[in-house]
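Shown next, in structure tokens, is the structure this report addresses.
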Amino acid sequence: MQLNPEQLKAVETIDSNLAVNAGAGTGKTKVLTDRFLYILEKGDLKENKEIESIVAITFTNKATQEMIERIRDGISQNIPKGDRWRRFYRDLDRANISTIHGFCAGLLRENPIEANIDPYFEVLDDVLSCQLLNESIQKVLGNWLDDKKDTLPMMKLLNKNKIEDLKGDIYSLYNEIRTIGVSFEEVKEETLTYISSLEFKEEYIQEIIGLIEYIMSKSRSNAKILRIRDDDLWLDFKNKDFKEDIFTYIEFIKEHLGNNKSAQEEVDRVHYLIDCLLLYKEKEYLWIYESLTDILIEIDREYRLRKAELGGLDYDDLQIKVLNLLENPEILRKYQEKYRYFMIDEFQDTNELQKKIFYKLATKEKPLDRQNLFIVGDPKQSIYGFRGADIDVFYDVMNDIQSKNQDKVITLKTNYRSLDTILDFVNAVFSPIMEDKYDELVPFKKSNNEIDIEVLEKEDIQGNADEISYYEADLIAKRIKSLVKEGRFKYKDIAILFRASTRNYIYEEALKDYNIPYFNSSSKRFFYRQEILDLLNGLKAISNPYDKIATIGFLRSPMVGLKDTSIYWTLKYLEDNIYKTILKIKDNPIFNESERVKLKEAAALLGYFYKAKSFYSLSEVVSLLVDKTYFIESSLLKAEGDQIVANIYKFIEMTNDFQAEHNKSLEDYIDYLERLKESSESEGIIQSEEDDAVKLLTIHGSKGLQFPLVIIPEMAKSHKHSSSNILYAKELGIGIKSKESEGLFQLIKKDKQESEDEELSRILYVAMTRAEEMLILGCFGKNSGFKKMIKDYLPSDKYRILSDIDMEKEAYIPVKTLGDNLTVSDVKSTSLPLLYDLGGYNSKEFISFNISQYQKFKICRRLFYLEHYWGLKLGMMQESDEIEDIDYDFDLKEETKILKGHEKGNIVHEFCHKYRDGMDVDNLLLEIVNSYGIEYNQGLEEEIRPYVDNYMKIHREDYDEIYTERPFYLAVGDKYIKGIIDRITIKEGNIEIVDFKTNRLWNKNKLIELYEPQLQLYAYAVEKILGQSVAKSKIVFLENGDVAEVDISKDKLEENFNRIRDFIDYVEQHKDLASYEPAVDCDKYCIYQAFCQPESR
């Protein structure tokens, strides 16, 4: 399709700033793609740097990939023009096309020292960021409650009885402020300055008196305002004879003002004047604002510390740190020279912080004087206010561009998506709602029908909200069925768009009633589905035999199927843990034969997995758990079998993704899932997007999509405004709702509610403009929500009302046969299962390495191969993704120990990490041991206490900075080596590294030799990351408290790093067992000897 004149102008205007207001369906994506290609052809670009000189910012990763593919296609079509285009095609991988977060992360990774960040920082996901921030808030509020005398009075004034009541408000406030790009110190100054500047205007009192008397004269005899005529408070106020606090009178009048159509303008004026006077009351409570802003500053500091310990940045950090980075003139100049053109998509959903970044890059001396900024968006589609998007930013930038380039704002109005019948309806509804901010859409497509909009409504319907939704859902399902039977649409042409997914299960049930296939991407109940709870209980029971609740849940689930009576007797006879108890009572005659069989099977199953978790990877444990319990087969017998199976496979896929990305333990995975439960996770997919199935999704999720038929249900659903008691506004600062004063809060709240109402109208606009051929609105219920919003503007000649359809429900077929893609291959069960030839083991690719792998390689190359290519973990050495102590104590003649070497190491390391001065050592040790599912008894205490006591002798906290369990990532060619440093301390600029070891000191010199490369690598990594020399690097052997310093001279560090690099190169180039020879001085007790016997030694 050829570009229209407005589109062509947007594509070819590349020598000045340009703002494009692109209505829904007006070809915005084509404009962006063609403009990128036009710049390649005509732009002022350095030769061989053309592709990377253009920055294109998209809203989502999906949009990024779509744009790259469109540009790739465009370049390929231009290849016949010459070799330049062939080079462009080859260089496209270097293109700066990404989300704002991807762009910022790239700048930071190129300038880590200048940005003062870890070069190998990780971008924290939302779940972990949320956890860290909540922990920071909890800690700071707890400390303030203990230490600051103002905290309790502040909480009482805020009507908060406990910390938990305040956490939510502070969490929302903290996140909102960070999207603005101002520091919390600036927020404090802004707030206190504004409140301090407030003046009490005496002249307002006289004006209020005059206005009230006028309103009374225009009021009916029963009007609310007339009730105060003879009240002493009004008479004193009228005569200015103030016997009470002035605010008592003002609040009294405000309470009794009411409404008056005959004098509404005067009523509104009185409200305004009263609100202005009440603002002055904030001065009395300035101390609350000081305390709260100080708390925010402290939370920010604590949150930054927690992120720094993990070497991570959250999404806001990426932008904040880039903005700070660009304050460096040399850095700014470098990127201004590198980036010649900026194109930003979906600019209506940006924020003040992002605006500041691009203004920096597009400005040399005066704002935007580089004339290279292109923004495109539709303010009518700005629907991400809850994520910090600020529609005013779009208008501000558009005005800035227009003031400097008079004709450089283009509006795209021609809609290529929807039929004229739909657009006429949309224009008629939204023109009066959005007023001067609405640009009418011009249809390109003509309909063969007079009407393509239906309103589903039944005036006499009775019932509560859920009951009404059932009526509406039933009619929607019938209408879908009838339209498909008529041949007008296929199921895959239809989308049901929800404002929220809280009640969409009602609509799912209705679709099932009429045997309508559907694909739901909006359900957020995944972690609360019973099958997922059963799987999680199973993993917890395997991980920790002492987790009684999880074990009971697992045994009662369909995975095992014990009756409640069996559970009762098991608990009645409980000894130590449930597994051991079942072993003792499984043959007890109190159980019938079938239950005895189940108990034996349950014991065998638990016993198997207690051993299997050491042999198998995390993914294999989960697959085995599903396979051995016949969980899929039994689930298919249930009414929702297809959804249950889809969820089980989604859980397996999540496990595989977690292992691939993190390669951590079962316990780490359980912790990860518990954190993830607090987020919203969609259920597994029954149908794919390509299948002939109705799509259910949220309106936000439909952004950028289009469907032949769009159905918007629950139009009458009410909207609730934000309920936070602490709000923030630019230029005003923070407003607090307290028992005594809320003037500033109400001022901010009024503005925010107006913004929320405007965004609500934009959400409905987005939903309606997804429709290509037909639009259906579900308007069952009372006059509220969207229904109320549009009721007065519905063009009666452009829609028809549908109240019912005569149709019988159909039998829903819940069980479908499983395809081959859903079949789990049989897992061979044997005492040494990994001796089987398992596909893929000899073709393993290492993305990362750690020092433990290198140490094992040095000890015995065959050992390394067996563990890291074949995945064998048979107990000789234990290792996770993190660097652990190697248990090199193989003397089988020693007395039996309660703890394995790695268990002891984990417990002691966690104690060293968590202990702080003044903590109860016994309680902390008990808590840590129990967290590993290990019984704490006298024998264990005697075994582990010497290590703890030796640590206590050297523990100190008088450093300037202390970092514990600090992860790092160090590039080695195109791979990287990672690890966790036990402790880094800094005092007066001197850096010291400490690593704690719990090995038996069978040969101290041998152990020092073994661990020396580890400590040298740590020192090398710290020096590279921090850019400072390490003064000392030492090993502390906690068995007896001995300390050994390691040589960390520059030559030693380089030599060690080169050896590690040689190790990585060797592993990358050698994939077969024969290349990994057994050690010459092999330990006679090595459990892997069977793999070496065929070799001639």
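Numbers for the structure displayed
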item	result
Neighbour-count order for E327, E943, fewest beta carbons within 10 angstrom listed first	E327, E943
Per DSSP, loop GluC sites (Glu not before Pro) in the stretch 200-297 with at most 15 further Cβ within 10 Å	E202, E244
Cross-link table K28/K695; K149/K201; K28/K62, entries beyond 22 Å C-alpha to C-alpha	K28/K695; K149/K201
Separation between Cα centres of the stretch 599-649 and the stretch 290-348, rounded to whole Å	45
Cut-off under 5 Å, modelled amide H: who pairs with V455 long-range	L777, R800, I801, L802
Phi to ³J(HN,Hα) by Karplus 6.51 cos²θ - 1.76 cosθ + 1.60 over the stretch 2-11, Hz, x for Gly, Pro	6, 6, 7, x, 5, 4, 4, 5, 5, 6
Residues listed by number, the stretch 651-677, amide nitrogen under 20 Å from L310 label point at 7 Å toward C-beta	654-677
Rounded to 10°, Cα long-axis angle of helix 163-178 versus longest principal axis of the chain	80
Ranked W569, W287, criterion: other C-beta atoms within 10 Å, fewest first	W287, W569
Calculated FRET value between A660 and D231, using beta carbons and R₀ = 56 Å, to 0.05	0.15
Neighbour-count order for M774, M67, fewest beta carbons within 10 angstrom listed first	M67, M774
Cα gyration tensor, the stretch 184-299 - rounded (a/c under 1.5), prolate or oblate	prolate
The chain - mean residue ellipticity at 222 nm from DSSP helices (-39,500 (n - 2.57) per run, n ≥ 4, rounded to 500)	-15500 deg cm²/dmol
For T99, distant residues with modelled amide H under 5 Å away	T58
Shape call, the stretch 1-159: gyration tensor on alpha carbons, a/c limit 1.5	prolate
Under 17 Å from the Cα of K628 - lysines, other chains or at least 8 residues apart	K540, K598, K600, K611, K613, K828
Difference of contour (0.36 nm per residue) and Cα-Cα distance, S723 to S431	102.1 nm
Hz values of 3J(HN,Hα) by residue in the stretch 435-440 - Karplus curve (6.51, -1.76, 1.60), Gly and Pro given as x	6, 6, 8, 9, 9, 5
Distance (nanometres) between label positions extended 7 Å along Cα→Cβ at S183 and N449	6.0
V409-E653 FRET efficiency (beta carbon distance; Förster radius 45 Å; 0.05 resolution)	0.45
Linear extension gain, E758 paired with A465, 0.36 nm per residue minus alpha-carbon span	103.0 nm
Computed FRET value (nearest 0.05) for D691 with E66, which takes r as the C-beta separation and R₀ as 22 Å	0.55
Tilt relative to the chain, helix 264-279 - C-alpha long axis, 0 to 90 degrees, to 10	40
Stretch gain in nm, segment R800-A1074, where the contour uses 0.36 nm per residue and the Cα spacing is subtracted	90.9 nm
Qualifying lysines (Cα of each under 25 Å from Cα of K364; at least 8 residues distant if same chain)	K42, K46, K49, K321, K334, K338, K355, K356, K404, K408
Projected label distance in nm at R916 and S1049, using a 7 Å step from Cα toward the beta-carbon	4.1
L583 paired with D268, simple spin-label distance in nm, labels 7 Å along Cα-to-beta-carbon	8.0
Residues in the stretch 1-33 reached by a label modelled at V442 [backbone nitrogen below 11 Å; 7 Å Cα→Cβ]	4-7
Span per principal axis, largest first, for the Cα atoms of the stretch 526-676 (Å)	48, 35, 24
Folded to 0 to 90 degrees: helix 530-543 orientation relative to the chain principal axis, Cα	30
Cα Rg, Dmax, the chain, angstrom units	34.1, 113
Listed pairs K167/K307; K238/K749; K987/K1024; K188/K730 exceeding 23 Å between Cα atoms	K238/K749
Overall form of the stretch 522-578 per C-alpha gyration tensor (a/c, 1.5; a/b vs b/c)	prolate
Dipole magnitude (debye, nearest 20) for the chain, charges at Cβ of Lys, Arg, Asp, Glu	1880
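A short reminder: the numbers here are calculations on the coordinates, not readings from a lab. Predicted, not measured: the structure shown is a model, and the values here were computed from it. No Cβ is skipped: glycine too gets one built from the backbone with ideal geometry, and neighbour counts run over all protein chains shown.
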